[in-house]
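**Student:** Let me begin by handing over the structure; questions about it come next.
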Amino acid sequence: MNKKKPKKKNVSKKINRVKKTKKLQAKKINKNKKEKEKEEKEEKEEEEIKEIKLEETDEEMEKREKEETKAKKGKIRWQTLRGMRDILPEEWRYWDYFLTRAEKLAESYGFERIETPILEEAALYERSTGASSDIIRKQMYSFRDKSGTPIALRPEITPSIARAYIEKGLFNRPQPVKFFYFGPNFRYERPQAGRYRQFYQFGLEILGSNEPISDAELIVFAKVLLETLGIKPFFYINSLGCSECREIYRKKIIKFLKGKRRQLCPDCQRRYRENPLRVLDCKNSRCQNILSVVPQFVNSLCPNCHEHFIEVLEYLDAANVSREINSYLVRGLDYYTNTVFEFFPAPKDKNDPALEIMGQMVPALGGGGRYNNLIKSFSGRDVPALGLSFGVDRIIEELKANHIPLPRGKKPVVFLAQIGKKARRQCLPLFETLRINDIKCAMNLAKESLKTQLEQADNLGVRFALILGSQEVQDETIIVRNMISGVQEHIPQNKLISYLKTILR
Ligand SMILES: [Zn+2]
Ligand SMILES: [Zn+2]
């Protein structure tokens with residue numbers, strides 16, 4: 001008795017507290033309504049501001065977000081950071097659809113899964129992705145950890161894989177090694193439809209091959225995977241040559257841009273000084289106008305690089321890949337050499353305006369290329385390599401836009417309902433027996449009312465409900481109720497599985 005007393009007190013205290021809160025809540029309802037209206041108004045205004053400021057610069061965006069964060073402080077309304085999002089179960093069905101197909105295909109092409117950390121030393125990306133690239137200059141989430149080491153959330157995965165290749169001595173394995181990966185990357189970019197600051201990539205890497213057929217293998221893989229998903233892809237391809245032919249082209253493009261320098265956008269004026277090749281993929285319409293008559297990279301390739309590129313194209317034609325050479329394709333990363341490519345949803349017809357300005361109207365579904373000098377720059381070892389990545393967020397958008405039907409999972413055929421504590425105690429072991437025998441069963445142990453449970457069984461469209469009450473527990477039986485006819489039968493529990501297997505056949 002003594003033990004029970006304090007418990008009771010606690011319970012009654014709790015009840016009082018609940019009552020008080022309820023009263024308070026009732027009072028608050030009116031206030032909440034007003035607050036809600038106010039919030040809605042604020043949200044509307046926020047939307048309007050967003051539209052007006054679409055043309056803001058990156059610096060303006062950073063400043064605005066800083067002020068918005070300041071203004072939010074003190075208000076407790078948790079929400080995801082801008083550009084981040086939750087993937088709820090109904091959304092995950094699309095991801096699952098993509099991932100199961102992508103992983104299966106990668107394995108059948110002989111790729112093995114690799115997993116690397118999300119955090120790395122910031123210098124790893126500065127030395128590979130390129131210190132002058134937009135990704136490193138503006139978008140990388142970098143900070144110091146508690147020991148003061150400069151680290152970064154990975155803006156892409158390839159540098160980590162190159163690091164692992166050297167650190168783990170993977171060059172000792174039979175070459176080439178072929179990996180696939182899936183995971184989140186982080187870039188502080190302007191959020192847009194299908195573009196998030198935490199975005200997901202599925203990708204492939206081949207390390208230790210200089211054969212043109214490897215380039216084609218990646219592109220064919222992308223084609224096959226997208227077609228498997230129900231998306232018809234279109235490929236842009238280009239060659240950036242080796243360091244020798246790149247130097248020749250660099251001189252050509254500097255000569256070409258020299259007189260037009262002042263007409264370039266401010267970003268391109270900087271690019272002109274730091275890495276003139278980057279001017280090529282500027283999305284600014286004024287820059288694109290100037291570039292419409294730019295010398296083509298493919299005309300500056302040395303004999304070796306030229307031959308490599310031609311061979312890649314031949315393999316692609318043999319595999320029926322629809323592609324076009326695009327001289328403006330340089331990709332935003334420093335380490336690319338030779339073949340680079342990006343893929344888009346194929347245009348609905350030839351005049352599709354989406355294709356006119358590459359990447360402006362429709363962001364790429366993915367892309368990749370060779371990085372023959374990356375491992376060398378890390379370790380001195382000459383290891384030609386190449387990779388490909390899919391922008392999974394973008395692909396999911398495309399699946400939705402095309403109304404790709406998702407395959408339905410296996411539906412439950414029985415529903416296990418319980419009445420009373422004794423019955424509930426038997427539910428988990430019984431469920432486990434059903435599961436082992438491959439009988440898909442649903443249940444809701446958190447509900448006590450039989451009516452609620454049977455309604456749920458009805459909504460799920462199961463064929464039979466299994467009902468366990470205290471009488472059945474005592475008799476070691478269970479009620480099997482036909483959900484359509486309503487006919488019920490008592491079955492001994494030890495015969496349940498064989499009985500179900502017969503009637504479910
Ligand atoms: Zn070359
Ligand atoms: Zn520009």
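**Student:** Could you tell me whether the range 98-107 includes any residue that is farther than 17 Å from Tyr200 by Cα, among the acidic types (Asp, Glu) and touching a helix residue (DSSP H, G or I) at 6+ places or on another chain (Cβ under 9 Å)?
**Tutor:** No, because not a single residue in the range 98-107 is farther than 17 Å from Tyr200 by Cα, among the acidic types (Asp, Glu) and touching a helix residue (DSSP H, G or I) at 6+ places or on another chain (Cβ under 9 Å).
**Student:** Can you confirm whether the range 180-191 contains a residue that is under 26 Å from His308 (Cβ atoms) and at pLDDT 95 or above?
**Tutor:** Yes: one or more hits.
**Student:** Could you tell me whether Leu329 is closer than 27 Å to Asn402 by Cβ, among the hydrophobic types (A, V, I, L, M, F, W, C) and within 16 Å of ligand 2 (Cβ to nearest atom)?
**Tutor:** Criteria met by Leu329.
**Student:** Let me ask you something else. State the number of residues belonging to the range 153-203 that are surrounded by fewer than 21 Cβ atoms within 10 Å (Cβ to Cβ) and of a type in the set (Gly, Ala, Ser).
**Tutor:** The total comes to 5.
**Student:** Among the residues of the range 283-310, write down those that are in a loop (DSSP other than H, G, I, E, B) and more than 17 Å from Glu342 (Cα to Cα).
**Tutor:** Asn284, Ser292, Val293, Val294, Pro295, Gln296, Leu301, Cys302
**Student:** Also: Across the range 287-310, which residue is farthest from Lys252 (Cα to Cα) among those that are away from ligand 1 (no atom under 14 Å from the Cβ), touching a residue at least 12 places away in the same chain (Cβ under 8 Å) and open to solvent by 50 Å² or more (accessible area, probe 1.4 Å)?
**Tutor:** Gln288
**Student:** Considering only residues that are more than 13 Å from ligand 1 (Cβ to nearest atom) and touching a residue at least 40 places away in the same chain (Cβ under 8 Å), look in the range 233-263 and name the one that is nearest to Val293 (Cα to Cα).
**Tutor:** The extreme case among them is Ile253.
**Student:** Out of all the residues in the range 248-261, which are away from ligand 2 (no atom under 16 Å from the Cβ) and either open to solvent by 80 Å² or more (accessible area, probe 1.4 Å) or among the basic types (Lys, Arg) (or both)?
**Tutor:** Result: Ile248, Arg250, Lys251, Lys252, Lys255.
**Student:** Restricted to the range 311-347, and to residues that are among the acidic types (Asp, Glu) and part of a helix (DSSP H, G or I), which residue is farthest from ligand 1 (Cβ to nearest atom)?
**Tutor:** Result: Asp317.
**Student:** I'm told Asn185 meets every condition in (1) touching a residue at least 40 places away in the same chain (Cβ under 8 Å); (2) not in a loop (DSSP other than H, G, I, E, B) except one. Can you identify the failing condition by its number?
**Tutor:** (1)
**Student:** Please give the number of the condition Gln360 fails out of (1) at pLDDT below 85; (2) out of contact with any Lys or Arg (no Cβ under 7 Å at 6 or more places or on another chain); (3) over 25 Å from Gly183 (Cβ atoms).
**Tutor:** Evaluating Gln360 over (1) at pLDDT below 85; (2) out of contact with any Lys or Arg (no Cβ under 7 Å at 6 or more places or on another chain); (3) over 25 Å from Gly183 (Cβ atoms) leaves (2) as the failure.
**Student:** Determine which single condition Leu277 fails, assuming it passes every other condition in (1) assigned to a loop (DSSP other than H, G, I, E, B); (2) hydrophobic (A, V, I, L, M, F, W, C); (3) within 16 Å of ligand 1 (Cβ to nearest atom).
**Tutor:** Evaluating Leu277 over (1) assigned to a loop (DSSP other than H, G, I, E, B); (2) hydrophobic (A, V, I, L, M, F, W, C); (3) within 16 Å of ligand 1 (Cβ to nearest atom) leaves (1) as the failure.
**Student:** Just for the range 262-286: of the residues that are away from ligand 2 (no atom under 11 Å from the Cβ) and under 20 Å from Asp134 (Cβ atoms), which one is most open to solvent (accessible area, probe 1.4 Å)?
**Tutor:** Here the answer is Arg273.
**Student:** Of Lys350, Lys376, which residue is more than 12 Å from ligand 2 (Cβ to nearest atom), modelled with pLDDT under 90 and either surrounded by 16 or more Cβ atoms within 10 Å (Cβ to Cβ) or not in a strand (DSSP E or B) (or both)?
**Tutor:** Lys350
**Student:** Follow-up. Which residue, of Ser214, Ser209, is more than 16 Å from ligand 1 (Cβ to nearest atom), within 30 Å of Pro303 (Cβ to Cβ), part of a helix (DSSP H, G or I) and of a type in the set (Ser, Thr, Tyr)?
**Tutor:** Of the residues listed, the single one that is more than 16 Å from ligand 1 (Cβ to nearest atom), within 30 Å of Pro303 (Cβ to Cβ), part of a helix (DSSP H, G or I) and of a type in the set (Ser, Thr, Tyr) is Ser214.
**Student:** Also, I was wondering about something else. Just a yes or no: is a residue in the range 326-333 surrounded by fewer than 19 Cβ atoms within 10 Å (Cβ to Cβ), within 27 Å of the chain's Cα centre (by Cα), closer than 24 Å to Pro159 by Cα and at pLDDT below 90?
**Tutor:** yes
The values are calculated or read from the model by the stated rules, or taken from the named source; none is laboratory data. Just so it is clear, the structure is predicted and the values come from calculations on it, not from any experiment. All Cβ positions, even for glycine, are placed from backbone atoms using ideal geometry, and neighbour counts span all protein chains on display. Note: areas computed on protein heavy atoms with side chains; ligands, DNA, RNA excluded. Shrake-Rupley method; radii C 1.70, N 1.55, O 1.52, S 1.80 Å.
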